[in-house]
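Engineer: Have a look at this one before I ask anything.
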Amino acid sequence: MSDQVALHLAVVDRPGTLHRLTGVISRHGANISYVDLTPQDTGAATTYFELEQVSDIDALIRDLSSLDDVQQVEKTPTFRRIYGKRIIVIGGGAQVGQVAVGAISEADRHNIRGERISIDTIPLVGEKELAAAVRAVTRLPRVRALVLAGALMGGEITRAVREVREKGIMVVSLNMAGSVPSAADLVVSDPVQAGVMTVMAVADTAKFDIARQRGKRY
């Protein structure tokens, strides 16, 4: 039985297609751990599944391929295997860029040794926009840590940070004005160092225990 497999399907984009696909997967006793749908203007679409508890992947592929909705089925590596753990950096453009410099450099060092850590960034302004982006992190797959990079964050953003931490995602904040630093797991003044330390905290190949640093400021 496979631990986790990924399938990429080219399908006809019409009502009921997803229902028929998941019906076949269910009959094989597999669990869908992640699904992504990408429609196209041509009436076709691609559907990506990550599956667990697959007892016979070849039989599953044959049954999916036999559906009229399916044009092609391809077994692929999972996103976790390719891109691995994700770190999201949100905030002001200049600070986000500097955090990314540290995070990407440190991730490269660990990825060479077999890790898979990817860095996603988005510069944003405005309390409402930032709070919405922070909350949305919990809906993204494979996220292990969030870095908030800015000069002033508080209010609704702070409440969003607490919600994210309650769901098990680590939050690192730059040492900025506002109440966000008091709600974060770790506060780091230098943005480059913040990126480095966040990667070290999520990397299995690093000796850095975030539990021992929680609540500290650097």
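Engineer: Only one of these conditions is not met by SER65: (1) out of contact with any Pro (no Cβ under 7 Å at 6 or more places or on another chain); (2) surrounded by 14 or more Cβ atoms within 10 Å (Cβ to Cβ). Which number is it?
Structural biologist: With respect to (1) out of contact with any Pro (no Cβ under 7 Å at 6 or more places or on another chain); (2) surrounded by 14 or more Cβ atoms within 10 Å (Cβ to Cβ), SER65 is out only on (2).
Engineer: Of all residues being part of a loop (DSSP other than H, G, I, E, B) and within 23 Å of the chain's Cα centre (by Cα) in the stretch 161-179, which is surrounded by the most Cβ atoms within 10 Å (Cβ to Cβ)? Just the residue, please.
Structural biologist: Here is the first cut: in the stretch 161-179, the residues part of a loop (DSSP other than H, G, I, E, B) are 167-169, 175-176, 178-179.
Filter once more, keeping what is within 23 Å of the chain's Cα centre (by Cα): 167-169.
On the way: LYS167: 10, GLY168: 9, ILE169: 19.
Within the stretch 161-179, the match that is surrounded by the most Cβ atoms within 10 Å (Cβ to Cβ) is ILE169.
Engineer: While we're looking at this one, here's another question. Going by what's in this entry, would VAL101 be described as touching a Ser or Thr at 6+ places or on another chain (Cβ under 9 Å), surrounded by 12 or more Cβ atoms within 10 Å (Cβ to Cβ) and at negative phi? Give the steps one after another, and end with the answer.
Structural biologist: Details: touching a Ser or Thr at 6+ places or on another chain (Cβ under 9 Å): no; surrounded by 12 or more Cβ atoms within 10 Å (Cβ to Cβ): yes; at negative phi: yes.
Answer is no for this residue.
Engineer: Under 8 Å between Cβ atoms, which residue pairs at least 6 apart in sequence (or on different chains) link something in the stretch 6-27 that is more than 14 Å from PRO39 (Cβ to Cβ) and in the same structural domain as VAL70 (by TED's automatic domain parsing) with a partner that is of a type in the set (Val, Ile, Thr) and assigned to a loop (DSSP other than H, G, I, E, B)?
Structural biologist: From residues that are more than 14 Å from PRO39 (Cβ to Cβ) and in the same structural domain as VAL70 (by TED's automatic domain parsing), the pairs are ALA6/THR78.
Engineer: Mind telling me which of the residues THR158, THR121, THR138, THR205 ends up being assigned to a strand (DSSP E or B), touching a helix residue (DSSP H, G or I) at 6+ places or on another chain (Cβ under 7 Å) and either surrounded by 14 or more Cβ atoms within 10 Å (Cβ to Cβ) or modelled with pLDDT under 95 (or both)?
Structural biologist: Details: THR158 fails: assigned to a strand (DSSP E or B); THR138 fails: assigned to a strand (DSSP E or B); THR205 fails: assigned to a strand (DSSP E or B).
Result: THR121 is the single residue among THR158, THR121, THR138, THR205 that is assigned to a strand (DSSP E or B), touching a helix residue (DSSP H, G or I) at 6+ places or on another chain (Cβ under 7 Å) and either surrounded by 14 or more Cβ atoms within 10 Å (Cβ to Cβ) or modelled with pLDDT under 95 (or both).
Engineer: So which of THR121, THR138 ends up being among the hydroxyl-bearing types (Ser, Thr, Tyr) and in contact with an Asp or Glu (Cβ under 9 Å, 6 or more places away or on another chain)? Even if it seems obvious, please write down each step before you answer.
Structural biologist: Values: THR121 fails: in contact with an Asp or Glu (Cβ under 9 Å, 6 or more places away or on another chain).
Answer to the check: THR138.
The values are calculated or read from the model by the stated rules, or taken from the named source; none is laboratory data. Fair warning: this is a prediction, and the values are worked out from it, not measured in the lab. Using ideal geometry, Cβ is built from the backbone for each residue, glycine included, and neighbour counts are taken over all protein chains shown.
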